[in-house]
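Please read the structure below before turning to the comments.
The values are calculated or read from the model by the stated rules, or taken from the named source; none is laboratory data. Keep in mind the model is a prediction, meaning the values are calculated, not measured. Backbone-built Cβ (ideal geometry, glycine too); neighbour counts: all protein chains shown.
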Amino acid sequence: MQKGMHTHRERCVRAVQSKDARFDGWFFTAVLTTGIYCRPSCPVVPPKPENMTFYPSAAACQQAGFRACKRCRPDTSPGSPEWNQRADAVARAMRLIADGVVDREGVPGLAARLGYSTRQIERQLRAELGAGPLALARAQRAQTARLLIETTDLPMAEIAFAAGFSSIRTFNDTVREVFALSPSGLRTRVPVRARTTGGGRLTGTQGTPSASPGTPGALCLRLPFRAPLNPDNLFGHLAATAVPGVEEWRDGAYRRTLRLPYGHGIAALTPKPDHIACRLTLGDLRDLPVAISRCRRMLDLDADPVAIDDQLRTDPFLASLVDKAPGRRVPRTVDEGEFALRAVLGQQVSTAAARTHAGRLAAAHGEPVDDPEGGLSHLFPAPEALAALDPESLAMPRTRRTTLLTLARQLGDGTLHLGVESDWEETRARLLALPGFGPWTADVIAMRALGDPDAFLPTDLGIRRAAQELGLPSTPAALTARAAAWRPWRAYAVQYLWATDSHPINFLPV
């Protein structure tokens, strides 16, 4: 069992007393004298240490009878970085819960995806997080409900079912228990001008909504992160590799279509100094928590950049790169299968050629979508649609056709599954067994689709060129041995090495 930060009492007390926002989401402070729980950076006067107790999750605080603080809004903290840097059962379960699996498939569905019994999953989650999967999913439903209550004028019944509650009564009881206010009480605390039907904005700290112009029917919110965050390579990579019709960079925002459990949607993400502005247009509001979770994951917003950069700075060859532009994130994806297919399309061709191939496939075989702003037209084709194609219709070398269609068939029939619950090493081995898959393709999928923070690309031409310029070993074997000092953050070292080049992926579009 992992030992969470909440067990280190002295460190937690120091973080609370210094109001250190870096630890928001790592643990939660419950105040015995007031019955509320807070994030470490809560702006109020810190309680006396003897009145503090610490929990690893908001769900554990709620189960212990504490209510969410109305000032610091601990339910909107950035997620714990633990779940994105680990591949054990608890971390994989947390990623699945964030993706809404418990709401859609129940605890048996969660356990089945992980290959454990429901009893084993319950026991492991309770041991580490102080709450079982139902309580953790309930905490997420409460957060979604609060977001909709405070930022829209939707009827409460619609909000209840959009947030995943099975009944109005359960919705009312949960909101009262978690926030010490009725749903209508939460709404009356927000100025009427700040709410529009389907619109509005929610901050990541105080939670004060404000009017937000934009697409009718869109929900606007702020995605919090741990500072620093360097947007250059993050948004630069997404924009430079954007598939026409599926993704675009427009007016300072990265926009893309989303395939979601209950329908499709469009996300527009704009980097700001202290948050990511997120505008979601959804066909079904029940997809809201999943859409938020996938956007956060794509932008790697739950990372702990201070811990990552401190580790990489210990290498004098990387220290100057980190100091020059700290806080680089790994650009990831909202759809693991889509990224794997696009990685195959990008084998041994330029970024522009990969975009062209992907754009043609999307236009011909992707599901059409309606974009109110007019720039996006399709979802990326589902694996099943690509698996049914005539190989001769694909304008690419025969060996790459075989690789692409084999991957599409295995993804389509479930032989190969890429998802947030994937075991990184096992999945990498299964990818390498496919025809046409070498270490570069398997590792770039591990890094950007599976989310392995230690994935490394020693055969990548850009990495080898950067290593040579810095005086590092440039042969794959020697560079891999040298990179052992960067573990477990080699995927982040890749971002810093790539950034030494003048390729468009390293620059925020203007």
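Can you find even one residue in segment 343-350 that is touching a Ser or Thr at 6+ places or on another chain (Cβ under 6 Å) and at pLDDT 95 or above? Looking through segment 343-350, at least one residue is touching a Ser or Thr at 6+ places or on another chain (Cβ under 6 Å) and at pLDDT 95 or above.
So for segment 466-477 (the condition being modelled with pLDDT of 95 or more, closer than 21 Å to Ala240 by Cβ and touching a helix residue (DSSP H, G or I) at 6+ places or on another chain (Cβ under 9 Å)), does at least one residue qualify? Yes: segment 466-477 contains one or more residues that are modelled with pLDDT of 95 or more, closer than 21 Å to Ala240 by Cβ and touching a helix residue (DSSP H, G or I) at 6+ places or on another chain (Cβ under 9 Å).
What pairs come up if the first residue lies in segment 121-137 and is part of a loop (DSSP other than H, G, I, E, B), the second is of a type in the set (A, V, I, L, M, F, W, C), and their beta carbons are under 7 Å apart, counting only those six or more places apart or on different chains? Pairs found: Gly130/Ala60; Ala131/Ala59; Ala131/Ala60; Ala131/Leu125; Gly132/Leu125. Just one of the listed residues (Ala145, Ala58, Ala91) is surrounded by 24 or more Cβ atoms within 10 Å (Cβ to Cβ) and under 19 Å from the mean Cα position of the chain (by Cα), namely Ala58.
From the list Arg126, Arg146, Arg92, Arg104, exactly one residue is outside the structural domain of Trp26 (by TED's automatic domain parsing), over 29 Å from Arg222 (Cβ atoms) and among the basic types (Lys, Arg). Which is it? From the options Arg126, Arg146, Arg92, Arg104, the qualifying one is Arg126.
Is segment 260-282 home to any residue that is of a type in the set (D, E, K, R) and surrounded by 23 or more Cβ atoms within 10 Å (Cβ to Cβ)? Within segment 260-282, none of the residues are of a type in the set (D, E, K, R) and surrounded by 23 or more Cβ atoms within 10 Å (Cβ to Cβ).
Checking the structure you have, find out if any residue of segment 444-458 is surrounded by fewer than 17 Cβ atoms within 10 Å (Cβ to Cβ), outside any loop (DSSP other than H, G, I, E, B) and at negative phi. No, there is no match, as no residue in segment 444-458 is surrounded by fewer than 17 Cβ atoms within 10 Å (Cβ to Cβ), outside any loop (DSSP other than H, G, I, E, B) and at negative phi.
Counting only helices (runs of 4 or more DSSP H) that sit completely within segment 221-332, those holding 1 or more residues that are touching a Leu at 6+ places or on another chain (Cβ under 9 Å), closer than 30 Å to Leu154 by Cα and not β-branched (Val, Ile, Thr) correspond to 288-298. Evaluated against (1) surrounded by 20 or more Cβ atoms within 10 Å (Cβ to Cβ); (2) touching a Ser or Thr at 6+ places or on another chain (Cβ under 9 Å), Ala240 falls short on exactly one condition, (1).
Tally time: how many residues in segment 318-330 are surrounded by fewer than 22 Cβ atoms within 10 Å (Cβ to Cβ) and either modelled with pLDDT under 95 or of a type outside the set (A, V, I, L, M, F, W, C) (or both)? Number satisfying all stated conditions: 5.
Residues in segment 208-237 that are at pLDDT below 50 and surrounded by fewer than 22 Cβ atoms within 10 Å (Cβ to Cβ): Thr208, Ser210, Ala211, Ser212, Pro213, Gly214. The number of residues in segment 349-369 that are under 15 Å from Thr241 (Cα atoms) and assigned to a loop (DSSP other than H, G, I, E, B) comes to 2. Looking only at residues in segment 474-510 that are more than 23 Å from Leu229 (Cα to Cα) and in contact with a Leu (Cβ under 8 Å, 6 or more places away or on another chain), the one that is surrounded by the fewest Cβ atoms within 10 Å (Cβ to Cβ) is Arg482.
Among residues of segment 403-424 being touching a helix residue (DSSP H, G or I) at 6+ places or on another chain (Cβ under 9 Å) and surrounded by fewer than 16 Cβ atoms within 10 Å (Cβ to Cβ), the one that is modelled with the lowest pLDDT is His417. Checking each residue in segment 460-510 for being acidic (Asp, Glu) and either touching a residue at least 40 places away in the same chain (Cβ under 8 Å) or within 20 Å of Arg329 (Cα to Cα) (or both) picks out Asp460, Asp501.
Could you list, in sequence order, all residues of segment 459-477 that are under 17 Å from Gln347 (Cβ atoms) and part of a loop (DSSP other than H, G, I, E, B)? The answer is Thr459, Asp460. For segment 382-419, what are the residues that are assigned to a loop (DSSP other than H, G, I, E, B) and free of Cβ contacts under 8 Å to residues at least 24 places away in the same chain? Residues satisfying the conditions are Ala388, Asp390, Leu394, Pro397, Gly414, Thr415, Leu416, His417. On inspection, Ala131 passes the criterion of being among the aliphatic types (A, V, I, L, M) and at pLDDT 90 or above. For segment 253-271, filtered to residues that are in contact (Cβ under 8 Å) with a residue 40 or more places away in the chain and not hydrophobic (A, V, I, L, M, F, W, C), the residue that is nearest to Leu223 (Cα to Cα) is Pro271. Run down Asp315, Asp300 and say which single residue is among the acidic types (Asp, Glu), within 29 Å of Pro439 (Cα to Cα) and surrounded by fewer than 21 Cβ atoms within 10 Å (Cβ to Cβ). Asp315 is the lone residue from the list that is among the acidic types (Asp, Glu), within 29 Å of Pro439 (Cα to Cα) and surrounded by fewer than 21 Cβ atoms within 10 Å (Cβ to Cβ). For segment 18-34, a residue qualifies if it is of a type in the set (S, T, N, Q) and either closer than 25 Å to Arg86 by Cβ or surrounded by 14 or more Cβ atoms within 10 Å (Cβ to Cβ) (or both), and the qualifying residues are Thr29, Thr34. Among the residues of segment 94-114, just one is surrounded by fewer than 22 Cβ atoms within 10 Å (Cβ to Cβ) and part of a loop (DSSP other than H, G, I, E, B), namely Asp99.
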